Structure formats: structure tokens, C-alpha cells
Amino acid sequence: MISYIGIGSNQADPIKQAKQAIEALKGLPNTQLTNKSSLYCSAPMGPQDQPDYINAVAQLDTQLSALDLLDELQKIELLQGRERKENRWGPRTLDLDIILYGDQQINNTQSSVNN
């Protein structure tokens, strides 16, 4: 399944965080990193009283289900210091989002990994 992962960080050396996330994606089980964008900077969504984000997008070819992929992404976030807080739009060390998972539309509002 071809999947695209959004990568974002604006805390704890965001460039390093994004590069480490890309390396971690290479190690996912039953998954191959097939392409990645350059790093780029963007203004935060939501509150503007936080640093800009460093972003990238990674293309994966994975045999993981969407929820298993989400679990793996959240594990990477936790390993890189992500703390899930009530402020959805606040600063973070790392944010990994499944942008596309093949042509599927998946609506799941619950997090698979507890923190």
C-alpha cells in the first residue's frame, strides 16, 4: 500500500527531529521508504505564539494496515519525546500524520497508542 506521511516538528531541534523521523521510517516493519521531500518551513496551524514548523513528506510502500501503521508512527513520536496534551494545535517535538493510505478514506478519531 502506498502511503504518504506528513512530518512536522517545532521543538527540540526541529531539523534534527525531522531527519531522525525519516530514518525511523526506514526501519518500520514490512515497509519501505520509497521517497521523501526536502525539509521546508511553515507557520503553525492554530496559535501563532509558537515557533514555525520544519516539515517534510515521506512516501512509504507498506504491508501494514492503516491502524498498524498509525501505531508505529505514534511509537516513533513517543521515542522522540512527543507528549500528547489537550492543546491539539500546540508545539511538539514530532508530529507524524498519515496523509494518504492508498485510496482509502479512514475516519478514526481515537489514538491507538496510549500516552
All but one of (1) touching a Cys at 6+ places or on another chain (Cβ under 7 Å); (2) buried (at least 17 other Cβ atoms within 10 Å of the Cβ) hold for D52, so report the exception by its number. (2)
Could you list, in sequence order, the residues of region 11-25 that are in contact with a strand residue (DSSP E or B) (Cβ under 7 Å, 6 or more places away or on another chain) and surrounded by fewer than 13 Cβ atoms within 10 Å (Cβ to Cβ)? I15
Test: residue in region 37-48 that is more than 18 Å from L100 (Cβ to Cβ), among the hydrophobic types (A, V, I, L, M, F, W, C) and either part of a helix (DSSP H, G or I) or touching a Leu at 6+ places or on another chain (Cβ under 6 Å) (or both): no
Which residue pairs have Cβ atoms under 6 Å apart, sit 6 or more places apart or on different chains, and have a first residue in region 31-49 that is more than 25 Å from A66 (Cα to Cα) and a second that is charged (D, E, K, R)? C41/D52; A43/D52
Could you tell me which residue of region 23-36 is farthest from the chain's Cα centre (by Cα), considering only residues that are assigned to a loop (DSSP other than H, G, I, E, B) and closer than 17 Å to I98 by Cβ? N30
Q63 passes all but one of (1) within 15 Å of the chain's Cα centre (by Cα); (2) among the polar types (S, T, N, Q); (3) farther than 14 Å from S9 by Cα; which number fails? (1)
Which residue out of N55, N108, N114, N87 is in a strand (DSSP E or B) and either at pLDDT below 90 or not hydroxyl-bearing (S, T, Y) (or both)? N55
Test: I15 is among the aliphatic types (A, V, I, L, M) and over 14 Å from the mean Cα position of the chain (by Cα): no
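Residue under question is R82, and the condition is that it be assigned to a loop (DSSP other than H, G, I, E, B) and touching a strand residue (DSSP E or B) at 6+ places or on another chain (Cβ under 8 Å); does it hold?
Numbers: assigned to a loop (DSSP other than H, G, I, E, B): yes; touching a strand residue (DSSP E or B) at 6+ places or on another chain (Cβ under 8 Å): yes.
So R82 passes the test.
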Some residue of region 93-103 being on the phi < 0 side of the Ramachandran plot, aromatic (F, W, Y) and modelled with pLDDT under 90: no
Do we find that Q20 is over 22 Å from G102 (Cα atoms) and either modelled with pLDDT of 95 or more or not aromatic (F, W, Y) (or both) in this structure? yes
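The values are calculated or read from the model by the stated rules, or taken from the named source; none is laboratory data. Please read these numbers as outputs of a predicted model, since none were measured by experiment. Neighbour counts are summed over all protein chains in view; Cβ atoms, including those assigned to glycine, are modelled from backbone coordinates with ideal geometry.
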